[in-house]
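A.B. asks: Before we start, here is the structure in question, set down as C-alpha cells.
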Amino acid sequence: MASEHVSDPRPAPAPNDGRGKRQAFDKSQSAPRSGSVGLVLLVALLLIAAAGGLIYIGPAYAETYILIMLAVLGTFGVFALFALASGIMRLSSREQSNPLIKQVVDYGFDGIVVTDQAGRVFYANATYLDLTGAATADDVRPIERVFMGDPDVSEAIYRLLKAAREGRRLQEEVRIAAGTPGEAARWLRLRVRPLGEGRRDSRLAVWSIADVTRERERHENVFQELQHAIDYLDHAPAGFFSVDAKGAIVYLNATLATWLDQDLAQIGVGARAGSLTLNDIVAGEGAALLTTLNAAPGEVRTEVLDLDLKTRTGRPVPVRLFHKVAYGADGTPGVSRTLVLNRGKDGGKDAQRDAEVRFMRFFQNTPMAIATVDKTARVARSNARFAASFEGMIGDNRSILSVVNERDRGTLEAAIKLAAGGQGDIPPVEAQLAGSSERWASFFVSAVDDKDGDGEAAIVYALETTAQRTLENKVYQQQKMESVGQLAGGIAHDFNNVLSAIMMATDFLLNAHKPTDPSFQDIIQIKQNANRAAALVRQLLAFSRKQTLRPQVLDLGEVLGDLGMLLKRLIGEKVTFGGVKHGRDLWPVKADLSQFEQVVVNLAVNARDAMPDGGVLSISTSNVPAAECGKFNHKGMPAADYVLVEVSDTGTGIPQDIIDKIFEPFFSTKEVGKGTGLGLSTVYGIVKQTGGYVYVDSQPGRTTFRIFLPRHVPGVEEKTAAVTAPSIAPALDATKTAAEGLAKQAASQASADLTGQGTILLVEDEEGLRALNARGLSSRGYTVLVAGNGVEALEVFEGEGPVDLVVSDVVMPEMDGPTLLRELRSRNPNVKFIFVSGYAEEAFAKNLPSDQQYNFLAKPFTLKQLVAEVKRTLSGGE
C-alpha cells in the first residue's frame with residue numbers, strides 16, 4: 001500500500017463516529033517526489049555539458065554548435081513536456097480518488113495494519129489504533145507485539161506470522177481475557193493476506209482485526225437453544241431416530257434408547273466401527289423396508305410402517321414408524337427423520353391393537369416374500385423379506401415381472417392375470433431370477449378380494465429355492481459320480497481277472513519263443529495292448545477311488561522338482577515350462593508318490609492340449625492355513641491346514657457351460673481317438689482318495705487347477721525315523737547317465753534268481769487264471785496246492801499237510817479272502833498270506849483285525865511280479 005500512495009499535504013478530516021479523534025498513521029505520506037527532482041537534475045547536467053563543449057571547440061565553430069545544441073534541447077523539451085503532462089494527469093487522477101479510498105479504509109469497521117516481514121508498520125487505520133490502544137503514531141505496534149505475552153493468543157499469532165512469511169491467507173479467532181475486574185472477555189478475528197501478490201512489494205502483509213464478541217454470543221445463544229430442543233426431544237414420550245443412506249444411526253433419542261436398552265455412546269456420525277446401525281435396532285429383515293423406499297429425485301417420502309424393533313438382547317418391541325426421507329436431485333436419500341410409537345405398552349388392554357401387532361409381526365417376519373400387485377403386476381405393498389430379496393431388482397415401473405428372468409416373465413404374468421380374473425388353484429411358477437448370478441424362486445399367486453378399491457388384484461408369495469436347487473444338483477451329481485464309480489470299479493475287477501490271464505499267458509508264450517520266431521512280435525503286441533488295457537483299468541479304479549495307494553510322507557517341492565524334466569518332454573517345444581515356484585517352508589503331506597506324479601502329469605498333458613499354438617505352463621506351491629481357506633470361496637472344503645499346488649496354463653480356457661462336467665469319466669472335448677476322457681477323472685479320484693480337494697478356475701487365456709492336500713502332522717514314530725521315497729521321474733530322464741543306470745538296473749533284475757522252494761496254497765475262483773498262476777509258480781520250483789474258494793482252501797490246508805504261503809483272491813463265493821485269513825490264522829498263526837485282487841486293498845482291509853499281517857498284489861500282474869512277491873514274502877519281507 002505504501003508504494004501506491006501519492007502524498008497528500010492536506011490532513012484528512014476525522015469523522016465523529018464514536019471512535020475518538022485519532023488519525024490514521026500513514027508512513028507513505030512523507031515519501032519524497034523523486035520523479036520531479038530527477039527531472040530537474042537531468043536538465044541541469046545537460047546545460048553544464050553544453051557550456052563545457054562550447055568552451056572546448058572555440059569561437060570558430062560556436063555558431064554551428066549552438067544550433068545543434070538548440071535542436072537537441074528542443075527535442076528533449078518536447079519529450080519532457082509530454083512526460084510532465086502525463087504525470088500531471090496521473091497525479092490529478094490519484095488526488096481525486098485517494099481521499100475517498102482513505103476515508104473508507106481509515107475509518108472502516110475492521111482494524112487494518114500493513115507491515116513488512118521485519119515487523120515495521122507502514123500503515124494503520126484509526127480502528128486498529130482504537131482496538132490496540134495506541135494513543136499516537138509513535139505507539140503503533142504490529143500484531144505480534146500487541147499480544148506479546150498472552151499465552152492464549154501466542155499459538156494463533158505464530159501461525160498467522162508463518163502464513164504472512166509464506167505469502168498465504170489465514171484467519172484465526174482468539175479470546176482476549178478481561179484486563180480489569182468487571183470487564184468482559186473479548187473475541188477477536190485476526191486475518192492476514194499478502195499485499196500485491198506477484199509484485200515486488202509482496203513482502204508486505206495486510207492484517208485485519210475485528211471484534212466478534214457479539215457474533216460469538218449470538219452463536220452461543222443459538223447453540224443453547226438447540227441444546228434445549230435436543231434435551232426436550234431426548235425425553236419426549238415418543239422415540240426418534242435418524243439414519244443415513246449407509247444405514248448408520250446418526251441420532252437416537254434417550255426415550256428410544258431406553259426402550260431398546262441401547263448405549264447412546266455407541267452412536268456416531270457415519271458408518272464407522274463401533275457405531276450403531278439400522279440392523280442393530282430393527283428385528284429380522286425390517287431394515288430393508290426403510291432403506292429401499294422408491295422415490296423420485298427431489299421427492300420427500302413418508303412411510304408408515306408397522307414392524308418390530310429389537311433390544312440389545314434381541315427381545316422384539318412392536319412399533320409404528322413414521323419414516324420421512326428427503327431425496328436429493330440425484331436421487332440419493334438424505335438423513336431420515338423417524339418417529340417411533342411403542343405399540344407394546346399396555347399390551348393386553350386393547351384386543352384389536354394386540355391382534356394387529358401379532359399379524360404385522362407374522363407378516364414382517366415370515367421367511368416367505370409377500371407382495372400385493374395390481375392387474376399390471378405393479379407392486380403395491382410388500383413385507384420385509386420381499387424388500388430384502390427383490391427391491392434392488394425392481395425398476396422404476398415397480399413391476400414384479402422385472403425380478404424374474406425374461407424367459408420366465410410370460411409364465412408369471414399369465415398367473416397374475418388368472419388371479420386377477422378370480423381363478424383359484426393357480427399352479428406355482430418356477431422361475432429364474434434376473435441378474436448375472438443364477439438364482440431361482442417359486443412364485444405362488446392367489447386372488448384377492450379388492451374391497452378397499454386400491455387396485456390390488458393378486459397376492460404373490462415368493463420363496464427363493466437357489467440353495468435347494470444347488471443342493472439337489474450337488475446330490476444328483478454326487479450320486480451320478482458314485483454310480484459311475486461303482487460301475488467302473490466292478491468292471492475294473494472283472495477286467496483285471498481277464499487281463500491277468502492274458503498277461504500271464506503272454507509271459508508263458510514269450511518264455512517258449514525265441515525273438516527270432518515269426519510269432520514273437522505278435523506276442524509282444526498282445527502284451528503291450530494288455531498293458532494299455534491295464535492302465536485304463538487303473539484309471540477307472542482311480543476315479544472310483546478303489547485303487548490301492550501306498551501313502552508316504554512327501555515334500556512336494558522335491559517331488560515337483562524331480563518331475564521338471566519329464567514335464568518339459570511331455571508338453572513339447574511349443575509350450576514353455578515356466579518352472580515350479582516353491583512356497584517357503586512347505587508343510588509335508590502324506591500321499592502315494594506315483595499317484596501324485598500321475599495327477600501332475602495328467603494336468604500337464606491337459607494343459608498342453610489346450611495350447612495348440614503354444615503358451616506357458618507354470619506350477620506353484622504354497623501353504624494355506626485354516627484361517628485363509630475362506631478367501632478361496634470353494635464349496636465343500638472345510639477349514640484346515642492344506643498344501644496348495646496350482647497348475648496354470650495360458651490356453652483357450654474351459655467353457656463355463658461344461659466346467660462342471662470335466663471330472664466325469666469319459667467326458668472329453670477332444671476329437672475321437674485323441675483322448676479317453678479319463679485324465680481329469682483320474683486326477684479327481686486320486687486327490688479325493690488322498691483326502692484332498694481339486695477345483696478349477698478358468699477364463700479365456702488363463703486356467704488354473706488348484707489341488708489342496710491336507711497337511712501331515714508327523715507322529716512320534718515318524719519323527720524318529722523319517723522315510724524318503726524315491727521318485728519315478730528320474731527314471732524317465734533321457735540323459736546318457738540315467739539310461740546306463742536303467743540298463744544296469746534292468747540287467748540285474750533280469751538275472752535275479754526268482755526260483756524257490758516251499759508249499760503254496762493258491763486260492764482263485766477263476767479257473768483259467770488259477771491254472772496259469774499255478775503253472776507259473778510250479779515252473780519256479782514251488783509245490784502248488786489249488787482251491788476254488790475259501791471252503792475248499794480250508795479242506796486242502798487241513799488235509800495236505802503244512803503250507804508255507806497262501807496266495808488268495810479277495811472276492812470269492814462261499815467264503816471270501818478276509819474270512820479265510822482269520823480261519824487259517826486260527827489254525828496256524830504263523831502262516832504267511834498274500835492277497836491278490838482287482839479291487840483296492842482298502843476295500844477289504846477294514847474288515848480285518850488291525851494286527852493281521854499280510855502282503856498285497858494288485859491285479860493284473862505278470863508272472864515275474866507274482867513270483868517276485870512270493871519269494872519276498874517267504875524270505876521274510878512281509
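Values in this text are rule-based calculations from the coordinates and carry no lab data. Treat the numbers as computed from the prediction; the structure is a model and nothing was measured. Virtual Cβ from ideal backbone geometry, glycine too; neighbours counted across all protein chains shown.
A.B. asks: Beta carbons within 10 angstrom, averaged per residue: use that to sort the peptides 791-800, 865-874, 121-130, highest first.
C.D. replies: 121-130, 865-874, 791-800
A.B. asks: Apply the Karplus curve 6.51 cos²θ - 1.76 cosθ + 1.60, θ = phi - 60°, to the phi angles in segment 554-560 and return the couplings in whole Hz, x for Gly and Pro.
C.D. replies: Couplings: 10, 9, 5, x, 5, 4, 5 Hz.
A.B. asks: Can you list the residues of segment 289-331 with backbone N under 14 Å from a point 7 Å past the Cα of Phe359, pointing along Cα to Cβ?
C.D. replies: 306-307
A.B. asks: Let me ask you something else. Could you order peptides 505-515, 211-221 by the average number of other Cβ atoms within 10 Å of their residues, highest first?
C.D. replies: Those peptides, ordered most packed to least, come out 505-515, 211-221.
A.B. asks: Testing the spin-label approximation: label points 7 Å from Cα along Cα→Cβ at Gln852 and Tyr695. State their distance in nm.
C.D. replies: Roughly 4.0 nm, to one decimal.
A.B. asks: Work out how much length Asn828 to Asp231 would gain on full extension: take 0.36 nm times their residue separation and subtract the Cα-Cα distance, in nm to one decimal.
C.D. replies: This chain segment gains 205.3 nm when fully extended.
A.B. asks: If each residue of separation counts as 0.36 nm, what is the full-extension length gain between Gln103 and Lys568 once their alpha-carbon separation is subtracted?
C.D. replies: Taking 0.36 nm per residue and subtracting the Cα distance, the gain is 158.0 nm.
A.B. asks: Set the Förster radius R0 to 35 Å, insert the Cβ-Cβ distance between Ala185 and Arg337 as r into 1/(1 + (r/R0)^6), and round the FRET efficiency to 0.05.
C.D. replies: The computed FRET efficiency comes out at 0.35.
A.B. asks: By how many nm would the segment from Ser778 to Phe322 grow when fully extended, if each residue of separation counts as 0.36 nm and the alpha-carbon distance is taken off?
C.D. replies: 154.4 nm
A.B. asks: Enumerate the calculated ³J(HN,Hα) couplings along segment 787-803 in order (Karplus 6.51 cos²θ - 1.76 cosθ + 1.60, θ = phi - 60°), each rounded to whole Hz, writing x wherever the residue is Gly or Pro.
C.D. replies: 8, x, 7, x, 5, 5, 5, 5, 5, 5, 4, 7, x, 9, x, x, 10
A.B. asks: Listed here are the pairs Lys568/Lys688; Lys661/Lys688; Lys375/Lys417; Lys635/Lys688; which of them are more than 18 Å apart at the Cα?
C.D. replies: Check vs 18 Å cut-off fails for Lys568/Lys688.
A.B. asks: Now for a separate question. Enumerate the calculated ³J(HN,Hα) couplings along segment 808-814 in order (Karplus 6.51 cos²θ - 1.76 cosθ + 1.60, θ = phi - 60°), each rounded to whole Hz, writing x wherever the residue is Gly or Pro.
C.D. replies: Per-residue couplings from phi come out as 10, 6, 8, 8, 8, x, 6 Hz.
A.B. asks: By average Cβ neighbour count within 10 Å, what is the ranking of 313-325, 240-252 from highest down?
C.D. replies: Top to bottom by mean Cβ count within 10 Å: 240-252, 313-325.
A.B. asks: Do any of Lys590/Lys832; Lys102/Lys162; Lys527/Lys864; Lys527/Lys859; Lys832/Lys871; Lys527/Lys832 go past 19 Å between their Cα atoms, and which? Numbers along the way, then the final one.
C.D. replies: On the way: Lys590/Lys832 28 Å; Lys102/Lys162 29 Å; Lys527/Lys864 14 Å; Lys527/Lys859 15 Å; Lys832/Lys871 12 Å; Lys527/Lys832 31 Å.
Distance filter (> 19 Å) returns Lys590/Lys832; Lys102/Lys162; Lys527/Lys832.
A.B. asks: Still on this structure, I have one more. Separation between the Ala135 and Arg168 pseudo-spin-labels, each 7 Å from Cα along Cα→Cβ, expressed in nm?
C.D. replies: Placing both labels 7 Å along Cα→Cβ, they lie 4.0 nm apart.
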